[in-house]
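Right, one structure below, let's go through it.
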Amino acid sequence: MKFFIDTADIDEIRALAETGMVDGVTTNPSLVAKTGRRFTDVVAEICKIVPGPISAEVTATDAETMIEEGRKLAAIASNVAVKVPLTEDGLRACRALSDQGTMVNVTLCFSAAQSILAAKAGAAFVSPFVGRLDDIGQSGMELIADIVEIYSRYDDFTTEVLVASIRNPMHVVEAARMGAHVATIPPKILSQLFKHPLTDKGLAAFLDDWAKTGQSILGDQG
Ligand code: E4P
């Protein structure tokens, strides 16, 4: 399973990339707006830090301008995945950009029907938003299970399921159990994945006992 991080904050990306856990990055217009920086500069910088796919979203709503924006974003670096919304125009843009060899991430997917269209449009990734479905009382994870199952039935569906809008560590665990290809994880939640109180407690006890021996592994000359 691949882990992408869901942020446009360069410091967060740099710090988490050093853990060796980061296979890619997703951004969206809201995350870029938070940085207060020029979009294309931010994307170029992220592409140099993380070699995996970096999602950069178009902001036009008509297919023709989306394609134009997508080409401009794809020209920034070879690891850019152009993100388009799951609309009719977005899927037309997806088909055109994919046919030209550009990775496309179809975002704002909220139904299994939409996910089928994304696969048929040649998307490299489809991004179902689990948290936003949970927020309106529907099950985000049921949607992931449906999409993973549907895609597994067709050899010609090569689109990867990129679980987005993740709000807690259990979303990541459930996505992994279902066989989703990718989870895009906010930095705070990725940090939470490392932690368990029994790990901290156990380590403290081991270190206490070790200190009593007076030994040092590096100082051992034997
Ligand atoms: C990533 O590609 C999505 O834009 C992001 O996960 C959305 O998350 P949110 O629902 O927390 O804004």
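The values are calculated or read from the model by the stated rules, or taken from the named source; none is laboratory data. Owing to the predicted nature of the structure, the values given are computational and were not obtained by experimental measurement. Quick reminder, even Gly has a Cβ in these numbers, built from the backbone with ideal geometry, and neighbours come from all protein chains shown. For accessibility, only protein heavy atoms count, side chains too; no ligands or nucleic acids. Shrake-Rupley method; radii C 1.70, N 1.55, O 1.52, S 1.80 Å.
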Next item on the list: Over segment 2-195, average the accessible area per residue using a 1.4 Å probe and give it in Å², no decimals.
Entry: 47
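Do you know the relative contact order of segment 100-168, to the nearest whole percent, from alpha carbon pairs under 8 angstrom that are 6+ apart? Intermediate results must be reported in sequence, preceding the final value.
On the way: 107 pairs, mean separation 24.7, N = 69.
Computed value for segment 100-168: 36 percent relative contact order.
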Check: Which one of A8, T158, I136 has its Cα pushed farthest toward the positive end of the charge dipole of segment 2-195, where Lys and Arg give +1 and Asp and Glu give -1 at the Cβ?
Finding: A8
Next item on the list: Amide H neighbours of S55 under 5 Å, at least 5 residues apart or on other chains, H built in the peptide plane: list them.
Entry: V25, T26, T27, A81
Check: Nearest 10 degrees, 0 to 90: what angle lies between the long axis of helix 88-99 and the longest principal axis of the chain (Cα atoms)?
Finding: 70
Check: Taking H as built 1.01 Å from N, whose amide H comes closer than 5 Å to the amide H of C109, not counting residues under 5 places away?
Finding: S127, F129
Next item on the list: List the residues whose amide H sits under 5 Å from the amide H of H181, counting only those 5 or more places along or on another chain, with H placed 1.01 Å from N in the peptide plane.
Entry: V161
Notebook entry, point to check: Hey, which lysines would be in cross-link range of K83, C-alpha to C-alpha under 19 Å, not counting anything within fewer than 8 residues on its own chain?
Noted result: K2, K34, K48, K72, K120
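Could you grab the Rg to Rh ratio for the chain? Cα atoms only, Kirkwood for Rh.
On the Cα set of the chain, Rg over Rh gives 1.09.
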Check: If you put +1 on each Lys and Arg Cβ and -1 on each Asp and Glu Cβ, how big is the dipole of the chain around its Cα centre, in Debye rounded to 20?
Finding: 220
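If a/c stays under 1.5 just call it rounded; otherwise compare a/b with b/c (prolate if a/b is bigger, oblate if not). Do that for segment 44-170, with a ≥ b ≥ c from the square roots of the Cα gyration tensor eigenvalues.
Details: a/c = 1.67, a/b = 1.41, b/c = 1.19.
It is prolate, given that a/c is not under 1.5 and a/b is the larger ratio.
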Check: Hey, what did segment 13-127 get for relative contact order, percent, Cα under 8 Å, at least 6 apart?
Finding: 19
Checklist line | Relative contact order (percent, whole number), segment 2-195, Cα cutoff 8 Å, 6+ residue spacing | finding: 18
Check: For segment 1-103, what Kirkwood radius comes out of the mean inverse Cα-Cα distance, in Å?
Finding: 13.7
Notebook entry, point to check: Where the only charges are on Cβ atoms (+1 Lys, Arg; -1 Asp, Glu), what is the dipole of segment 20-60 about its Cα centre, to the nearest 20 debye?
Noted result: 140
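Within the accessible area of segment 14-96, what % is carbon and sulfur when the probe is 1.4 Å and the other protein chains stay in place? Working shown, then result.
Values: 2070 of 4080 Å².
Carbon plus sulfur share of accessible area: 51 percent.
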Item checked: Gaussian network model of the chain, springs between alpha carbon atoms under 10 Å - residue of K72, K212, K188 with greatest fluctuation -> K212
Margin query: What are the ³J(HN,Hα) couplings of segment 66-83, residue after residue, when phi is run through the Karplus curve with 6.51, -1.76, 1.60 and θ = phi - 60°? Round to Hz, x for glycine and proline.
Written below: 4, 5, 4, 5, x, 4, 5, 5, 5, 6, 5, 6, 6, 9, 6, 10, 6, 9
Notebook entry, point to check: Among D200, D62, D89, whose mean-square fluctuation peaks in a Gaussian network model of the chain (Cα, cutoff 10 Å)?
Noted result: D200
Check: Which of G179, G70, G90 moves most in a GNM of the chain, Cα contacts under 10 Å?
Finding: G179
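Quantify, in whole percent, the carbon and sulfur part of the accessible surface of segment 172-222 (1.4 Å probe; protein heavy atoms only). Working shown, then result.
On the way: 2400 of 3880 Å².
Carbon and sulfur together cover 62 percent of it.
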